Amino acid sequence: MEEKEIRVIAFYLPQFHPTPENDQWWGKGFTEWTNVGKAKPLFRGHYQPRVPADLGYYDLRVSETRVEQAEMARKYGIEGFCYWHYWFGNGRQLLQRPFQEVLASGQPDFPFCLSWANHSWEDKQFSKEGTHKMLMEQLYPGETDEIAHFNYLLPAFKDHRYIRVDDKPVFMVYAPFSLPDAKRFIRLWQRLAQDNGLKGIHFIGQTNNAGDVQTLKDMGFDAVNIVRLFDFFKQNYSIFEKIHMKIMRIVFKKGRIIEYAKAAKFFSGNEDRQVDCYPTIIPNWDHSPRSGRLGHILVHSTPEKFKKHVLQSFSNVVHKPADKRLVFLKSWNEWAEGNYIEPDLKFGLSYLEALKEAIEEINSK
């Protein structure tokens, strides 16, 4: 690893292939591309629908696609993928096939880690009763299930491709405060890891609130990933404006349209300079393919504006020990959230090129 090298890890959504559950809930053949393809512009200049370019409307059951993604990511300076992992308790999983095949086949030979997306799946359309329909509930059955969960992931943790910090496999928890007893869970997995020949697990708790950092460390997490996607709302609005936005969102089902450059000013923070805080870089955001007018939308993102934000984030981590210069990219392929860095018809490879330029610039200083 070069003296100043930044470790960019991209969140990776394994949703782009049919599953029996999605067939049942949304109709035969549903994948994330279904929402992406039917998106429509909601106002003048709204960039929708977004159309993938080089990789096309891919199917993640195809190994050649996964290899091509990895080769593209590597070429532009991304160290590895952080696959979203779904374990709902009692061995129930969703979307596991792409990563299972990556693990079993040894291809692509590209670094990876896992983030446990420990949240329930719901149909976000409100019922007549004003509630959401539960599709798959996140459960925490107890220690027996936690042991089974660890044993299921052990082959991945031992794989030579697995991303490590302090020679420990990295494991992120999306909703750390949802764990019934995080301290006990972490202690158990640390013991299981050591019993199975690992030095331990490098646990990362994800949060959108920088004020949670010390609390998460007190819970046993080794590090914190801070996602400041909506910090703009915390910093730039009065209490009356925030109330108005809440009314618009709940009563009138309308989100906010925000200039990317204004929001990006708040994507970084002083906490990111702490050795055990890993920042998040964000190229774009537009949730409207999933939630219509209810979703927040960042507008006028460009590769140049993204690069400026990336350089700011990188400047907060270059002083850290080499293996802790982690920066998480949100995301590689969250197309239905308008949150991706894969090439599209409008920008091509420009966002990836901007990322590579930022990495090279920070390394040359």
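The values are calculated or read from the model by the stated rules, or taken from the named source; none is laboratory data. Remember, predicted model here, so these are calculated numbers, not experimental data. Because the Cβ atoms are built from the backbone with ideal geometry, glycine has one as well, and the counts that use them run over all protein chains shown. Side chains included, ligands, DNA and RNA excluded: accessible areas come from the protein's heavy atoms. Shrake-Rupley method; radii C 1.70, N 1.55, O 1.52, S 1.80 Å.
The set of residues from the range 137-148 being open to solvent by less than 30 Å² (accessible area, probe 1.4 Å), of a type in the set (Asp, Glu) and closer than 11 Å to ARG92 by Cβ comprises just one member, ASP145. Within the range 314-331, restricting attention to residues that are over 12 Å from ARG273 (Cβ atoms) and part of a loop (DSSP other than H, G, I, E, B), the residue that is farthest from the chain's Cα centre (by Cα) is PRO321.
When you scan the range 229-250, do you find a residue that is on the phi > 0 side of the Ramachandran plot and modelled with pLDDT of 95 or more, even just one? Within the range 229-250, none of the residues are on the phi > 0 side of the Ramachandran plot and modelled with pLDDT of 95 or more.
The residues in the range 1-12 that are modelled with pLDDT of 95 or more, part of a loop (DSSP other than H, G, I, E, B) and either open to solvent by 10 Å² or more (accessible area, probe 1.4 Å) or among the basic types (Lys, Arg) (or both) can be counted, and the count is 0. The requirement of being open to solvent by 60 Å² or more (accessible area, probe 1.4 Å), of a type outside the set (Phe, Trp, Tyr) and closer than 29 Å to ASN225 by Cα is fulfilled nowhere in the range 76-88; no residue meets it.
With the condition kept exactly as written, say whether any residue in the range 265-287 is open to solvent by less than 80 Å² (accessible area, probe 1.4 Å), of a type in the set (D, E, K, R), closer than 30 Å to TYR351 by Cβ and at pLDDT below 95. No, the conditions are met nowhere in the range 265-287.
On inspection, MET134 passes the criterion of being under 27 Å from THR19 (Cα atoms) and loosely packed, with under 15 Cβ neighbours inside 10 Å.
Residues in the range 166-181: is at least one at positive phi, open to solvent by 10 Å² or more (accessible area, probe 1.4 Å), in contact with a Lys or Arg (Cβ under 6 Å, 6 or more places away or on another chain) and of a type in the set (D, E, K, R)? Yes: the range 166-181 contains one or more residues that are at positive phi, open to solvent by 10 Å² or more (accessible area, probe 1.4 Å), in contact with a Lys or Arg (Cβ under 6 Å, 6 or more places away or on another chain) and of a type in the set (D, E, K, R). When restricted to residues that are touching a Ser or Thr at 6+ places or on another chain (Cβ under 7 Å) and either open to solvent by less than 20 Å² (accessible area, probe 1.4 Å) or at pLDDT below 95 (or both), the range 329-361 contains 2.
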